[in-house]
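Contents: one structure, followed by commentary.
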Amino acid sequence: MSLMRKVLLAGSTSPWLREQATRRAFVRKSVSRFMPGEKIDDALRAASALKPERITTILTRLGENLTKLDEAEEVTEHYLDVLDRVQRAGLDAQISVKPTQLGLDLDAAVCQRNLDRIIEKAERMRNTPVWIDMESSPYVDPTLKLFRASRGKYRSVGIALQAYLYRTVKDLEDLIPLGPSVRIVKGAYLEPTTVAYPHKPDVDENYYKLCTRLLAEDAQKNGSLLHIATHDVRLADRLARFIDDRRVPSSAHEFAMLYGIGISQQRRLASSGRRVRVLISYGEYWFPWYMRRLAERPANVTFVLKNMFAR
Ligand SMILES: Cc1cc2nc3c(=O)[nH]c(=O)nc-3n(C[C@H](O)[C@H](O)[C@H](O)COP(=O)(O)OP(=O)(O)OC[C@H]3O[C@@H](n4cnc5c(N)ncnc54)[C@H](O)[C@@H]3O)c2cc1C
């Protein structure tokens, strides 16, 4: 991992930097490349604009590591309302949640209840799956536990798994009998080499291995769904070739990307008939998320940082 990436990921957890950054007009402006706005209406407008391009969406309100259960309740109510708004807008827009935004740090049972309330309504409204993001490595076990408990009650829940973690091969294997919906991502957090591959080529190869495992015949028979969540064109094309060679049905996989990133790739895949879903983030608590986006492409960073510290 490059030094710049390490510094940015470490900075993502700094309250002081957050305070500085969120006050700067230039930083706010540069955030808008990845986020259509702070309000749900901004996200819904962006989702509507993608619809004519045959691009569907996932909506997520930014926020993590909440410190009060009241806030988790408010987030849950918010997502329940979003499901109504999505239906009224006639959109194919799923929901993705972070466990620590639903109260995982405070009370796992409350978090589970909040998650289940969202899934239950989404299932009733036929807007599924509800996706569970994967946060940093200490959260993997509790997040898998949440997923399994919800999956025991509802069919329509999906989970993100991170290719940079050594453990993910086994985690995926353990989930396959459930016929899971899985979003494979490379991983966005600062992790020690004791738990995560430090070198990108190893992460990329593991990514391919995990996706092809979920596309294998036995996993498909169980009804698995794969979200190929990457902007890595080479990797996505390699997986598209695998899918075509094996005639994997289009109902079994989607390509997923983040709003504002790899736009030409999003359009290229969608116009060639692939299913493409764009994850749109919105909300006021964007700083740690934005720092993770910068860390993914340190080339963007010098100018932003210079302005961040300018008076
Ligand atoms: C739909 C979706 C959901 C996600 N959910 C999670 C999650 O739950 N947990 C988690 O840990 N991570 C999540 N991520 C983030 C993921 O882990 C990676 O950090 C991120 O996708 C960058 O990796 P990459 O696969 O695009 O490949 P990379 O090899 O990092 O990037 C490939 C190319 O994509 C472009 N690119 C990538 N990122 C950026 C950027 N920020 N700005 C500009 N260009 C860029 C660059 O051209 C780069 O060369 C999610 C990503 C997506 C797309």
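The values are calculated or read from the model by the stated rules, or taken from the named source; none is laboratory data. Not measured: the values here are computed from a predicted model. Please note: Cβ atoms are built from the backbone with ideal geometry, for glycine as well, and neighbour counts cover all protein chains shown.
Would you check if residue 137 is within 16 Å of the chain's Cα centre (by Cα), over 20 Å from residue 278 (Cβ atoms) and in contact (Cβ under 8 Å) with a residue 12 or more places away in the chain?
Spelling it out, residue 137 is indeed within 16 Å of the chain's Cα centre (by Cα), over 20 Å from residue 278 (Cβ atoms) and in contact (Cβ under 8 Å) with a residue 12 or more places away in the chain.
Hey, among the residues in the range 51-75 that are within 16 Å of residue 274 (Cβ to Cβ) and among the hydroxyl-bearing types (Ser, Thr, Tyr), which one's surrounded by the fewest Cβ atoms within 10 Å (Cβ to Cβ)?
This residue is 56.
State all residues of the range 246-269 that are within 13 Å of residue 215 (Cβ to Cβ) and among the polar types (S, T, N, Q); if no residue qualifies, say none.
250, 251
Could you look through the range 266-285, keep only residues that are within 8 Å of the ligand (Cβ to nearest atom) and not basic (Lys, Arg), and pick out the one that is surrounded by the fewest Cβ atoms within 10 Å (Cβ to Cβ)?
For the range 266-285, the residue satisfying everything is 279.
Only one of 174, 141, 202 is farther than 27 Å from residue 57 by Cβ, in a helix (DSSP H, G or I) and within 13 Å of the ligand (Cβ to nearest atom). Can you tell me which?
Matching residue, one of 174, 141, 202: 202.
Is it the case that the range 46-60 has a residue that's touching a Pro at 6+ places or on another chain (Cβ under 7 Å) and assigned to a helix (DSSP H, G or I)? Explain how you work it out, then say what you get.
Pass one, the range 46-60, residues touching a Pro at 6+ places or on another chain (Cβ under 7 Å): 46.
Imposing the further condition that a residue be assigned to a helix (DSSP H, G or I) reduces the set to 46.
Yes, that holds for at least one residue.
Determine the pairs where a residue that is touching a residue at least 60 places away in the same chain (Cβ under 8 Å), located within the range 221-233, has a partner that is within 7 Å of the ligand (Cβ to nearest atom) and small (Gly, Ala, Ser) with Cβ atoms under 6 Å apart, the partner being 6 or more residues away or on another chain.
227/256; 229/256
Go through (1) within 20 Å of the chain's Cα centre (by Cα); (2) touching a residue at least 24 places away in the same chain (Cβ under 8 Å) for residue 45 and report which single condition fails.
Condition not satisfied by residue 45: (2).
Could you list, in sequence order, all residues of the range 237-271 that are out of contact with any helix residue (DSSP H, G or I) (no Cβ under 7 Å at 6 or more places or on another chain), touching a residue at least 12 places away in the same chain (Cβ under 8 Å) and of a type in the set (A, V, I, L, M, F, W, C)?
Within the range 237-271, 240, 256, 258, 261, 269 qualify.
Residue under question is residue 166, and the condition is that it be of a type in the set (Phe, Trp, Tyr), closer than 29 Å to residue 3 by Cα and out of contact with any Ser or Thr (no Cβ under 6 Å at 6 or more places or on another chain); does it hold?
So residue 166 fits the description; yes.
Which one of these is on the phi < 0 side of the Ramachandran plot, more than 8 Å from the ligand (Cβ to nearest atom) and at pLDDT below 90: 288, 249? Lay out the reasoning, then the answer.
On the way: 249 fails: at pLDDT below 90.
Result: 288 is the single residue among 288, 249 that is on the phi < 0 side of the Ramachandran plot, more than 8 Å from the ligand (Cβ to nearest atom) and at pLDDT below 90.
Among the residues in the range 207-219, are any buried (at least 19 other Cβ atoms within 10 Å of the Cβ), closer than 28 Å to residue 63 by Cα, more than 10 Å from the ligand (Cβ to nearest atom) and at pLDDT below 95?
Checking the range 207-219: not a single residue is buried (at least 19 other Cβ atoms within 10 Å of the Cβ), closer than 28 Å to residue 63 by Cα, more than 10 Å from the ligand (Cβ to nearest atom) and at pLDDT below 95.
Going through the range 227-246 one residue at a time, which ones are within 12 Å of the ligand (Cβ to nearest atom) and of a type in the set (A, V, I, L, M, F, W, C)?
228, 229, 233, 235, 236, 239
Give 99, 129 a once-over and let me know the one that is closer than 20 Å to residue 251 by Cβ and within 16 Å of the ligand (Cβ to nearest atom).
So the residue among 99, 129 that is closer than 20 Å to residue 251 by Cβ and within 16 Å of the ligand (Cβ to nearest atom) is 129.
This table checks each residue for (1) within 20 Å of the chain's Cα centre (by Cα); (2) surrounded by fewer than 23 Cβ atoms within 10 Å (Cβ to Cβ).
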residue: 99; (1), (2): yes, no
residue: 102; (1), (2): yes, no
residue: 105; (1), (2): yes, yes
residue: 109; (1), (2): no, yes
residue: 112; (1), (2): yes, yes
residue: 116; (1), (2): yes, yes
residue: 121; (1), (2): no, yes
residue: 125; (1), (2): no, yes
residue: 129; (1), (2): yes, no
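Taking the condition of being more than 21 Å from the chain's Cα centre (by Cα), assigned to a helix (DSSP H, G or I) and either among the basic types (Lys, Arg) or within 20 Å of residue 50 (Cα to Cα) (or both), how many residues in the range 239-267 meet it?
Residues meeting the conditions: 1.
Specify which of the listed residues (22, 13, 67) is under 21 Å from the mean Cα position of the chain (by Cα) and polar (S, T, N, Q).
13
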